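The values are calculated or read from the model by the stated rules, or taken from the named source; none is laboratory data. Only a predicted model underlies this, so the values are computations on that prediction, with no experimental measurement involved. Cβ placement follows ideal geometry from the backbone for every residue including glycine, while neighbour counts extend to all protein chains displayed.
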Ligand SMILES: C[S@@+](CC[C@H](N)C(=O)[O-])C[C@H]1O[C@@H](n2cnc3c(N)ncnc32)[C@H](O)[C@@H]1O
């Protein structure tokens, strides 16, 4: 599971003991060798499916962009600019390097900031993506997060993400995730600043309800990804295009 160029368990523990932002600053140089980076096979397939549905656009935004995995895959769908926002300067520095040879011609902009409260104008993106980062958004912040995404989308724009359903009660991964979450709750109760990272968040059907509650039209695509990701689902939530006045 772990790459030889990836972090040691000791380094991972040090990162988890710091804070979300400092932890990612420390992890950044080795992040692409961890299983936490969203694999290209998922992102490329997601981009293909979005393109097939007419999702190419002028301006795209990747929330919690990390080292730029999503930006690389979705840049060819954008004609003008693709923007990545992340709270970790260390992750953005690696993204800056790694995106130098990314396919596509859209301008790449990297911004340090919070996905829950972005500095961008309303309606300025035809595409908003977020991959591998929902664990960093507290469940109580999810409504605020989806409201912010909806605000950023232009009429007809799409919010694209990958999620799944809650594993069944007998599945070992459910209990591993619950155990991890329990440890993080104790860590965050005892140590400040917090390291926000919880599994089993922004799952279906809850993520769908939140998008629909904000007026987005949701398509959930099953069977889009190969093994071992066959249970992952691609969600495309589209803001209705404004009707032209009669
Ligand atoms: C697991 S990495 C995923 C990176 C990338 N999206 C990928 O799929 O490989 C999570 C990223 O989210 C960033 N992050 C966490 N909370 C954030 C927030 N509230 N706003 C912006 N970035 C955030 C972290 O700094 C980190 O770079």
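Do we find that residue 99 is at pLDDT 95 or above and near the ligand (Cβ under 10 Å from one of its atoms) in this structure? So residue 99 fails the test. Of all the numbered requirements in (1) within 12 Å of the ligand (Cβ to nearest atom); (2) over 29 Å from residue 213 (Cα atoms); (3) in contact with a strand residue (DSSP E or B) (Cβ under 6 Å, 6 or more places away or on another chain), residue 161 misses one, and that requirement is (2).
Go through segment 94-104 and give me each residue that's without any contact (Cβ under 8 Å) to a residue 12 or more places away in the chain and surrounded by 19 or more Cβ atoms within 10 Å (Cβ to Cβ).
In the first step, residues of segment 94-104 are kept if they are without any contact (Cβ under 8 Å) to a residue 12 or more places away in the chain; the result is 97, 100-101.
Within segment 94-104, no residue meets the criteria.
Given the condition at pLDDT 95 or above and loosely packed, with under 15 Cβ neighbours inside 10 Å, answer yes or no: does some residue in segment 74-90 qualify? Yes - at least one qualifying residue is present in segment 74-90.
Among the candidates 187, 208, 158, the residue that is in a helix (DSSP H, G or I) and touching a residue at least 60 places away in the same chain (Cβ under 8 Å) is uniquely 187. When the residues of segment 106-121 are filtered to those that are within 15 Å of the ligand (Cβ to nearest atom) and in a strand (DSSP E or B), the one that is farthest from residue 66 (Cα to Cα) is 117. Selection of segment 60-77 for residues being in a loop (DSSP other than H, G, I, E, B) and either under 10 Å from residue 108 (Cβ atoms) or near the ligand (Cβ under 6 Å from one of its atoms) (or both) yields 64, 65, 66, 68.
All conditions in (1) without any contact (Cβ under 8 Å) to a residue 60 or more places away in the chain; (2) within 17 Å of the chain's Cα centre (by Cα); (3) buried (at least 16 other Cβ atoms within 10 Å of the Cβ) hold for residue 28, with the sole exception of (1). Of the residues making up segment 202-246, those that are within 20 Å of residue 176 (Cα to Cα) and touching a strand residue (DSSP E or B) at 6+ places or on another chain (Cβ under 9 Å) are 202, 203, 204, 229, 231, 232. Of all residues in segment 105-135, those being within 24 Å of residue 29 (Cα to Cα) and either buried (at least 18 other Cβ atoms within 10 Å of the Cβ) or touching a strand residue (DSSP E or B) at 6+ places or on another chain (Cβ under 6 Å) (or both) number 14.
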